[in-house]
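Notes follow the structure.
The values are calculated or read from the model by the stated rules, or taken from the named source; none is laboratory data. Keep in mind it's a predicted model, so treat the numbers as computed, not measured. All Cβ positions, glycine included, derive from the backbone under ideal geometry; neighbour counts span all protein chains shown.
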There are 2 protein chains.
Amino acid sequence: MTQVSIIGTGNMANAIGGVFADGGSSVSYIPKANTGAAPLEGEIVVLAVPYPAVDSIIAAYGDQLDGKIIVDITNPLNFETFDSLPVPAGSSAAAEIQSRLPGARVLKAFNTTFAGTLVSKKIGDAATTVLIAGDDAAAKELLANAVKAGGVSAIDAGSLSRAHELEALGFLQLTLAAAEKFSWTGGFAVTL
Amino acid sequence: MTQVSIIGTGNMANAIGGVFADGGSSVSYIPKANTGAAPLEGEIVVLAVPYPAVDSIIAAYGDQLDGKIIVDITNPLNFETFDSLPVPAGSSAAAEIQSRLPGARVLKAFNTTFAGTLVSKKIGDAATTVLIAGDDAAAKELLANAVKAGGVSAIDAGSLSRAHELEALGFLQLTLAAAEKFSWTGGFAVTL
């Protein structure tokens, strides 16, 4: 059985935890206020918090994150301008996190799936699909299997450098939903 | 009636021209070899060529492109590495073209729709959707109306700076189709 710790208790945390639980994984939620104090159970740690909160989590857990599979779901949008990402051009939040946690295996995932589509497991008539980027093939497979067990599709989207494209896709999808070009239960559906 | 010149005669040129023609637009195709010699008819000029061919088209037509709506469909992929885009980080092919053609109205469009999905007008069960980025609202509306008349959806994806995200999406979609994660008639379907 896969054991997952989810840091955060918002919509995305609950939607992601629901998928894992439906697949038979054991899920522990850690409220942001308990960061550092609550133990990190299991191999997978999901950072289901806004990007600016990631630094304090890394500081609080330190080397307890070594060896863990860290799942970064953030869309590091500049919510003041809604026009850019506050990470270096060409890079990604996930790559920044990996550089701060060289002993962890960082994956980018869940940043292109709105919470509603993880709960319903559908986007339009298609299955919701989680795109996973990362440099550790075994980590990607473990995450993909836990997601698929929960009734949601998962695709290996390539190396961690593809997190740049996943974050661009997530950003574009957010701006188009905010502009009411499609709904928060719609967006980009992976079609086979 | 909208009049469109399409430079290029490949799969994408034909698929795009088919949509315009179905919508009642008049379409002229200009083979790359005739670039500069063939007249540019109409208000819309589609650059349906690989990104490295764009420079010679700009050189050949020069100020005949002033005032035109230039539609950049390229995915400026580095086909040697299949791992990066040969434009400055954070920028886009479309922005590069606009900077070389300050008198033209450059739009990014059609780079996220595979040719097959423009021909069938469907991606899975969903309507094929052309995402259009650009700084000229009237130009975007003219293009969107010509596309929609041809039975394909179109969405205003924002300013020309969003071409960065459209090119990231196009790049990601190409790498996933090449890796057989989905087919060349699949990909990312816009779901309302």
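Go through (1) under 21 Å from B:PRO39 (Cβ atoms); (2) outside any loop (DSSP other than H, G, I, E, B) and name the single condition B:GLY67 misses.
Evaluating B:GLY67 over (1) under 21 Å from B:PRO39 (Cβ atoms); (2) outside any loop (DSSP other than H, G, I, E, B) leaves (2) as the failure.
Out of (1) within 13 Å of chain B (Cβ to nearest Cβ); (2) without any contact (Cβ under 8 Å) to a residue 60 or more places away in the chain; (3) under 17 Å from the mean Cα position of the chain (by Cα), what's the single condition that is false for A:GLY134?
(1)
If only one of B:VAL87, B:VAL45, B:VAL49 is of a type in the set (Val, Ile, Thr) and farther than 30 Å from B:GLY151 by Cβ, which one is it? Steps first, please.
Numbers: B:VAL45 fails: farther than 30 Å from B:GLY151 by Cβ; B:VAL49 fails: farther than 30 Å from B:GLY151 by Cβ.
Every option except B:VAL87 fails the conditions.
Of all residues in the range A:169-192 being within 25 Å of A:PRO88 (Cβ to Cβ) and within 8 Å of chain B (Cβ to nearest Cβ), which is surrounded by the fewest Cβ atoms within 10 Å (Cβ to Cβ)?
Going through the qualifying residues, I end up with A:THR175.
Restricting attention to the range A:1-42, which residues are farther than 15 Å from A:VAL119 by Cβ and small (Gly, Ala, Ser)?
A:SER5, A:GLY8, A:GLY24, A:SER25, A:SER26, A:SER28, A:ALA33, A:GLY36, A:ALA37, A:ALA38, A:GLY42 - these are the residues of the range A:1-42 that are farther than 15 Å from A:VAL119 by Cβ and small (Gly, Ala, Ser).
Which ones in the range A:141-168 are of a type in the set (D, E, K, R) and either over 27 Å from B:HIS164 (Cα atoms) or away from chain B (no Cβ under 14 Å) (or both)?
Across the range A:141-168, the qualifying residues are A:GLU141, A:LYS148.
Consider the range B:110-122. How many of its residues are free of Cβ contacts under 8 Å to residues at least 60 places away in the same chain and farther than 13 Å from B:VAL19 by Cα?
The total comes to 1.
When you look at A:SER99, is it farther than 30 Å from B:VAL87 by Cβ, more than 16 Å from the chain's Cα centre (by Cα) and not basic (Lys, Arg), yes or no?
For A:SER99, the condition - farther than 30 Å from B:VAL87 by Cβ, more than 16 Å from the chain's Cα centre (by Cα) and not basic (Lys, Arg) - is not met.
Those residues that are of a type in the set (Asp, Glu) and either within 14 Å of another protein chain (Cβ to nearest Cβ) or surrounded by 23 or more Cβ atoms within 10 Å (Cβ to Cβ) (or both), I need them from the range A:96-131; list them, please.
Of everything in the range A:96-131, just one residue is of a type in the set (Asp, Glu) and either within 14 Å of another protein chain (Cβ to nearest Cβ) or surrounded by 23 or more Cβ atoms within 10 Å (Cβ to Cβ) (or both), namely A:ASP125.
Being at pLDDT below 90, touching a Leu at 6+ places or on another chain (Cβ under 7 Å) and surrounded by fewer than 17 Cβ atoms within 10 Å (Cβ to Cβ) is the filter here; which residues of the range B:40-85 pass it?
Within the range B:40-85, B:ASN78 is the sole residue that qualifies.
Please go through the range A:100-109 and pick out each residue that is touching a strand residue (DSSP E or B) at 6+ places or on another chain (Cβ under 9 Å) and over 11 Å from A:ALA163 (Cα atoms).
Selection gives A:LEU101, A:ALA104, A:ARG105.
Could you grab the pairs with beta carbons closer than 9 Å, sequence gap of 6+ or different chains, first residue in the range B:25-45 and among the basic types (Lys, Arg), second one buried (at least 19 other Cβ atoms within 10 Å of the Cβ)?
If the second residue must be buried (at least 19 other Cβ atoms within 10 Å of the Cβ), the pairs left are B:LYS32/B:ILE7; B:LYS32/B:GLY8; B:LYS32/B:VAL49; B:LYS32/B:ILE57.
Does the range A:58-79 contain at least one residue that is within 14 Å of chain B (Cβ to nearest Cβ), free of Cβ contacts under 8 Å to residues at least 40 places away in the same chain and over 12 Å from the mean Cα position of the chain (by Cα)?
Yes: the range A:58-79 contains one or more residues that are within 14 Å of chain B (Cβ to nearest Cβ), free of Cβ contacts under 8 Å to residues at least 40 places away in the same chain and over 12 Å from the mean Cα position of the chain (by Cα).
Which condition number does B:ASP125 fail, the rest of (1) farther than 23 Å from B:GLY62 by Cβ; (2) touching a residue at least 24 places away in the same chain (Cβ under 8 Å); (3) among the acidic types (Asp, Glu) being met?
It fails just one condition, (2).
B:ALA154 - would you say it is in contact with a Lys or Arg (Cβ under 7 Å, 6 or more places away or on another chain) and closer than 18 Å to B:ILE97 by Cα? Outline the logic, then answer.
Values: in contact with a Lys or Arg (Cβ under 7 Å, 6 or more places away or on another chain): yes; closer than 18 Å to B:ILE97 by Cα: no.
The answer is no for B:ALA154.
For B:GLU96, all conditions in the list (1) more than 22 Å from B:GLY158 (Cβ to Cβ); (2) free of Cβ contacts under 8 Å to residues at least 40 places away in the same chain hold save one; what is the number of the exception?
(1)
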